[in-house]
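For reference, the structure discussed in these notes is given below.
The values are calculated or read from the model by the stated rules, or taken from the named source; none is laboratory data. Worth saying up front: this structure is predicted, and the values here are computed from it rather than measured. As a convention, Cβ positions derive from the backbone with ideal geometry for all residues, glycine included, and neighbour counts pool all protein chains shown. Surface areas here come from the heavy atoms of the whole protein model, side chains and all, with no ligands, DNA or RNA. Shrake-Rupley method; radii C 1.70, N 1.55, O 1.52, S 1.80 Å.
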Amino acid sequence: MNSTVFETRNFEHELFIPIGLCNRTYRLIQLSNGILTLLISDPTEDTSAVSLSVCSGAYNDPDEISGLAHFCEHMILLGSKKYPKPNHLQKLVGSTNEGMLNAYTTGEITCFYFQMKSPNNDFRLLDESLKVFSDTFCSPTFNMPFMKKEMMAIDNEHLRNKTNLTKILFHGLRLLSEASPGNVFRRFATGNLSTLLKVPTSTLRDSLITYFDSNYKPRKFALVVKSPQSVNLIQKLVLSSFGSIPQYNFVEEKEDISDFQNIRESYDHKTKPFNRKQLNRCIFIKFVIKANTENITRLAFPLDYNADDADQSKKSLLFADIMVRILGDESSGSTFYQFLQRKNYIQSMECFISELKIGSNCLIVQLKLTKTGSRNIDHIISMFFRTINETFKLFFEEKELKKSEIIDSLASYLSDALSIDLLNYLYLDVNQTSMDEVSDYSVNLQQSLRMLGPKWILRGMPSWNDFEGFKGFHSENDDAKKWWEERALEFYKFVVGNINYNNFNLLVYGKGDLIKTFNELFLIDDDYYNEYSKQFAIQGSDFYEDPHFCFSYKYFKINVNYLKGIDGISVKSEIDSMRIIFNKNIFIPEFARKYDLVLRRFEESFKISSKNSLGFSNNKNSIFEGPPILLESDRHHQIYYKPEHLLKYSGKMIVSIDIVSTGIAKASAKQIVSNEILCEIISARLYSKLHSSEPLGYSWNLTTSSKNDLRIGIIVGGFSARIDLLITLILNELLLYKRNRFASVIDDALYFKSRSKIKEFYENLAKQNSFQLATAGSVVLLEENSIQLERRLEELSDNTYEDIEELVHQIFHNENNSLYTNIFVQGDVGKEQAFRISSQVDILTNHLFRGHIPKEELNYKCPNTHFIKQGHNYYFERSSPDFTNSIVYFIQTGLRDDSKNRTLTKLLSFFVSLDAITELRSNKQLGYVVTAGLRIYRNTTGIHISIVSGNYEPEALENEINKYLMSLEHKLRDMTQKDFDEQIKFPFLRMYINDESGILPESNSPKNFFGKINEGNIGSYLNSSMKATDSANFDLEDLSRVSMVKSGSSLSNLNTGLADKHFQLWEEIISKTYRFQSIRTNYLSNSNDSYGIDLLLINRLEKYQFMEFWDEKVSIRSPRISKLSIWIKKDGEANRKESSENNEERQIELMVSQIEILLMFNNLLIPREKLIEIVRESKGNETLMMKSLLKYFMKNGERMKVLVAILKNVFKGVNVNLKGRFNGKRNSSAGEIDKSETYIKLSKIEEISEFHRNNPPI
């Protein structure tokens, strides 16, 4: 085709669009300069996101300057010809709450992406940002003054990579590949000071300009813009910005969207990273200090394909994906995984595809070894190949009849895999940020779209239904069955040709002596070292040091004949067959086995998207449209359901079931611990049965009581069409214990394994930081039936198999015991399905049985909250091995169900928290965590002030809080009514009342505006963005929902928006409080008992009325105060034992404790091990820690809203503490307590039981 100049072209091409995203409008265009562009209009969002990917990366680095592409990524945004100020774009983007800018470089792609707040009716900021962004790629300045700074940033980035195990092992794979100039995969991609300073700075800048001119051309760009504005307006903005980038040369006009294949056209895909000489090798990497300290073995299988052949490329990717599923399966059909578990060889197993370069991928099987597994690496490898050979290679030696059966089962498995993929994508719930989403799309546009299939641009993965001759799913017709059998035969050949003894390498990571025990398996191979490697030999050692990652490594040749020799010799006698069983997935809904039905739903989704209005007002929907509906209720059970009608929840549902043993008036610690072990046993038995449900997005979980009574909770979520099957399998497991003796179902080994898991869980709880311990202490003291962790550990150590057996008898076989059942069904569901689920559960609980009427009314009630008597001022003290002190200072104001009390307490918490952080943390520097606000228990409410300090002891913090409350009291007394209105009341009302809608003229005073509000019109003024709870930090404020143990699959598969609301509503149902009215109903009356606050009461509130509430409930001089403080002291004796050589570890532990608490206060949860890893890798560098945490939370589905602000606030808190530490402020006391200020004397709680007797539950 001749190169030509053309105008902007639209590509009218059907896309496969998830149902939940069909509210968007999509448009694919190519600008006149050649930029392939995807425009997305989403009027239901108020965020804009932009991504530009460039088909150029580390593989384009000149040989003499490793990291130049990465350096270009850093430098390019630091000013352009029209916008010379550095960080101009970053400041524009950062001017909104949700603004964020990022970039990354891979071997073949460099991607830049950002997002910002962008209301539907205001596109000015987006327009300006696009202009600045586009000029970056037109005429960057590459300012010399910033070069050293960015080189240091890259060097710091690489310092972090040096302790990142994933990066270390990937670099190890590089070192195994061919050491030749043509092998770009082997290149050190990140760069560091050493590689970037190989040439003078001026020469480096010249190289940078040359690199940019050669690679940053419009034909190598892919742009994606997503915004609330109409697609026509977005296109206009894009044309006025990116359309003006010069094309420099003629652009080849593509006839069809499938003709785009930027990566294939930009890179050599003939040269392969691994040739025969580079196979059957092992690289052993010694433990890296401050990285992972567990032994890990990786089997690596190169998978090469012909990138010129679209069908062959597509099949290679799809077959590799199938192999990942097969090897990653943990169900009973996975013989290799089950063998490793039985032998206690592994802690975990992962399987994934690593993309090396176009035309070359690598299948990775990673095993995290136990001590036993570390001694049996040779047996593990031989059993892996035995599994592959018996499943695939020996297939060709089977008789025709047997071969036909095997082919049929694999063909069905492949077809099921397609059903699962289509179903998951059709009902996709997008949990990533807008900027990550558009970033993925822009990279997808760089692929060979003929291989990918244009319909799958949004998904980024090809699909079997795009192949010629596709006839539907396996079981639909004979032609389809034959087609899938042909694919199955091709798959057998793919596996035999790629997963074999002659096509693999090993990466072993561990202690220096790990590999010495395998002299026959690993043979010394000095010939493999090239001249480049030899210059890095470590003197006096047979190891070498990598110049970039600085780890010690050694090459070995794998003795394949030795592996073949031991294949089965030592293990064949105990295992008859290692053949993988390809079971039919029983969790696939029936409609998903009919291709026409699935295709029709995709077509309907595309039609809806195509017909969307080109622009309409922002109409964000809330899932909290109304309360759950009570279907049935008696003394045996209650059933609630809540239908959801939004498209994003189509076809999905969540079910929670709660089975309460009511015959035991008060559960003992022994019974509660036994119940937690029982749930772990049940989950362990269910895991392999239910594992095949997880690829379809189902989740299941068993929970013990958050009420510290005897109950078993079941949570399941997923497709409505098959959720009944999931529930049936779980109930059938429970029925085993009802219908059989416990000993006939469970053996000793499973009991001890489950008990050990609960013990590990308890011990991890005991290691929590001081704030977590203080918060837990308040729950133990105030919530009825709560049991201390120490007591749980004691009971666990005494627990026996017979204790579990006795508990099962008490729950299921005791005639004096009754079961009460709670059921809540929510999602795309009708009443009929809710009733069917109730009937399923009835087989276990008999809650629908009407023949037996108990003599007395069932006495089922939830445990309540201990009510602190008026005129009492308690404190409870404990020590902790943590390096910090903590206090939780709680003032009880009244009952949770009292609407007036709840409303005034919420206003009170707002007032107290206005400047608590500034005064106590920033000004007085009492601690790095200071928080104040509402605190909710099951039956009571109040306010709390909590402080975590490394410097001050709890009694000193108690004194400072008293002083702070007195200062607030003086401030409040000095206020006029006008001051009270303007500083407290009106700001509080503005959180709920929408005064930005144009209703309130600028000239109106707040008093005039709020004076208009009455019972008849309040609904029209409510802020639609407010949630059902009256707090953004519901989980931190409400301590009534703390569950001890959850067992089963991860709940991460659940739709996060739906799940969050479901669990809030569920707590109200099982607590029998029913405070789940929607906010729009909730505030229409000033006398309702629903959860929330009474805005009309606040609007009429006078200052003197609020002062009366303060004087009685809050003032430290009040004779009627009800107060409890929890003091957690750091164990000075334990801390003194820390020697000076452990000072660095102590600092890491201290910083981890600080950050962990601050994150938790903002509802951001991260495993402690991961946080330790991030802190270590960053070496205390705040910027690096923030980047790593941001990346972690975004990867795990956290929304971008306020995330950056939260992290900045977190590190501000850490810095305050460090300032105090290094300024010599180490006084353990902030001053003597002025006892004359407090009316009620502090009283120490010596015995919790005595406290409970004196303050009974309400």
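Annotations
- Accessible surface, 1.4 Å probe, highest first, among residues 601, 342: 342, 601
- Förster-model FRET efficiency, 25 Å R0, residue 468 and residue 608, C-beta, rounded to 0.05: 0.30
- Cα-projected label distance for residue 1183 with residue 306, points at 7 Å along beta-carbon direction, nm: 4.9
- Surface composition of the range 810-940: carbon and sulfur make up 47 percent of the accessible area, probe 1.4 Å.
- Take the Cβ atoms of residue 265 and residue 517, set R0 to 45 Å, and the FRET efficiency comes out at 0.35.
- Rounded accessible area per residue of the range 178-249, 1.4 Å, Å²: 38
- Ligands, DNA and RNA left out, the accessible area of the range 202-330 computed with a 1.4 Å probe is 47% carbon and sulfur.
- Shape category assigned to the range 858-918 from the gyration tensor of Cα positions, a/c cut at 1.5: oblate
- Full-extension gain in nm, residue 977 to residue 1191, via 0.36 nm per residue minus C-alpha separation: 72.3 nm
- Segment residue 1107-residue 104, extension gain: residue separation times 0.36 nm, minus the distance between their alpha carbons: 355.5 nm
- Cα centroid separation, the range 779-837 to the range 23-47 (Å): 52
- Within the straight-line cut-off of under 17 Å between alpha carbons, the aspartates and glutamates reachable from residue 1244 are 877, 953, 955, 958, sequence neighbours fewer than 8 places apart in one chain being disregarded.
- Cβ crowding within 10 Å averaged over residues, with 205-211, 302-308, 924-930 ranked highest first: 924-930, 302-308, 205-211
- At a probe radius of 1.4 angstrom, the accessible area of the range 330-413 per residue rounds to 39 square angstrom.
- Protein heavy-atom surface of the range 410-499, 1.4 angstrom probe: 43% of the accessible area is carbon and sulfur, with nucleic acids and ligands not counted.
- Distance (nanometres) between label positions extended 7 Å along Cα→Cβ at residue 545 and residue 90: 3.3
- Cα→Cβ-extended label distance, 7 Å offset, between residue 1074 and residue 1097, nm: 2.0
- Flagged links, alpha-carbon separation over 19 Å, of 1170/1191; 314/403; 343/368; 162/1179: 314/403
- Violating pairs (Cα-Cα greater than 32 angstrom) within the set 272/689; 272/1187; 402/689; 455/1061: 272/689; 272/1187; 455/1061
- If R0 equals 35 Å, the separation of the Cβ atoms of residue 814 and residue 342 corresponds to a calculated FRET efficiency of about 0.45.
- The slack in the chain from residue 596 to residue 566, taken as 0.36 nm per residue of separation less the alpha-carbon distance, amounts to 5.8 nm.
- The range 863-921 - accessible surface per residue (Å², probe 1.4 Å): 29
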